[in-house]
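The values are calculated or read from the model by the stated rules, or taken from the named source; none is laboratory data. For clarity, every value in this text was computed on a predicted model and none was experimentally measured. FYI the Cβ positions are ideal-geometry reconstructions off the backbone, even for glycines, and counts take in every protein chain you see. Calculation scope for accessible area: heavy atoms of the full protein, side chains included, ligands and nucleic acids excluded. Shrake-Rupley method; radii C 1.70, N 1.55, O 1.52, S 1.80 Å.
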Amino acid sequence: MRITLFGTRGSRPVSGPQYNCYGGDTTCAAVFANSQKTFILDAGTGICGLNQIGDKELYLLLTHLHWDHIQGLPFFEPAYNEDKHICIYGKANGKSVRGALENQHEQFNFPVPFTALKGIKDVLEFHPGEEIYDDGELSIDTLLQNHPSGGSVAYRFRERLADGDCATFVFSTDYELEGNWLDDRVAEFWDGADLVVADMHYEPQDSEREENKYKSGWGHSDYKSGIRLATVAEVKILVGTHFNPLSTDKYLTELESRMEKEAGRVAEQLGKAKVETGLAQPSQTHILPSQTYVI
Ligand SMILES: [Zn+2]
Ligand SMILES: [Zn+2]
């Protein structure tokens, strides 16, 4: 499968020359399966990078309903195209997913009603922990993560390869570990993945840095806990996303080298293989995504 990142910013979109490299749009990624099926993860403003997508059938999987994960939907052109068949998946937790999306299109928020989105054929709710999709070639499992608003969902894609092996991709943003760095449920969910794209919104709790300081209870994570989890879970590649709007290219470039060092240190400490690390760099132009992973 191919994984492309279209929006990597957390909380709100940003623009300016200080964000050219790591992007300004809020969360969106796409998984292009070998079976030609396309799965979109979240509808932050990055989803506009997919406005020209030719697929008739699309799956849009929402991690949760915070603004930065749905605010691109009113500007997603395929959603207005009656010929498209878009199926939205979101977690059930007492708040209707359809209701939240409709609310975003109430006239006091946006001039066009949700009923105008003729390409959206279904809004389905599931309970995290369930497998939500399996077509024989690719399956998708879910996990409830600790995050305000009743939790967010992590998605695990497993694609069966011709040689009998599997390629595994996990999308795990907007989570805060409960109590300590090593949340067993998350480590188990990441186990053996070829690629994990994970929340790196804040500096670690033990960081002295004033910028980008960790805020308890705000539902986000950091590079140190991500690297520790990924090393324990024997993940091959760990990519950070959901950057704090305050994190400039300069800060994030420097963070990439801190991650590299930390990955080496943790691997040695735990006697495990070193995780390959990086930070997501989407396209700023919405034309040619600059970063695609093939696993
Ligand atoms: Zn978010
Ligand atoms: Zn959130």
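Numbers for the structure displayed
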quantity: Residue, farthest from Thr241 (Cα to Cα), within the stretch 136-155, restricted to residues that are within 13 Å of ligand 2 (Cβ to nearest atom) and of a type in the set (Ser, Thr, Tyr); calculated: Ser149
quantity: Residues satisfying the stated conditions in the stretch 25-46, i.e. in a loop (DSSP other than H, G, I, E, B) and buried (at least 24 other Cβ atoms within 10 Å of the Cβ); calculated: Asp25, Thr27, Asp42, Ala43, Gly44
quantity: Pairs where the first residue, in the stretch 175-197, is at pLDDT below 85 and the second is surrounded by 14 or more Cβ atoms within 10 Å (Cβ to Cβ) and of a type in the set (Ser, Thr, Tyr), C-beta under 9 Å, 6+ apart; calculated: Asn180/Ser225; Trp181/Ser225; Leu182/Ser225; Asp183/Tyr175; Asp183/Ser225
quantity: In the stretch 47-85, the residues that are outside any loop (DSSP other than H, G, I, E, B), more than 18 Å from Phe110 (Cβ to Cβ) and within 16 Å of ligand 1 (Cβ to nearest atom); calculated: Leu61
quantity: Among (1) away from ligand 1 (no atom under 16 Å from the Cβ); (2) surrounded by 15 or more Cβ atoms within 10 Å (Cβ to Cβ) - the single one Leu5 does not satisfy; calculated: (1)
quantity: Qualifying residues in the stretch 187-207 (those that are among the hydrophobic types (A, V, I, L, M, F, W, C) and within 16 Å of ligand 2 (Cβ to nearest atom)) - the one nearest to Val294 (Cα to Cα); calculated: Val197
quantity: Test: Tyr202 is over 14 Å from the mean Cα position of the chain (by Cα) and within 16 Å of ligand 1 (Cβ to nearest atom); calculated: yes
quantity: Verdict on Thr241 being β-branched (Val, Ile, Thr), under 26 Å from Asp25 (Cβ atoms) and open to solvent by 10 Å² or more (accessible area, probe 1.4 Å); calculated: no
quantity: Residues within the stretch 6-24 that are within 16 Å of ligand 2 (Cβ to nearest atom) and not in a loop (DSSP other than H, G, I, E, B), tallied; calculated: 2
quantity: Residue check for Asp135: in contact (Cβ under 8 Å) with a residue 40 or more places away in the chain and not β-branched (Val, Ile, Thr); calculated: yes
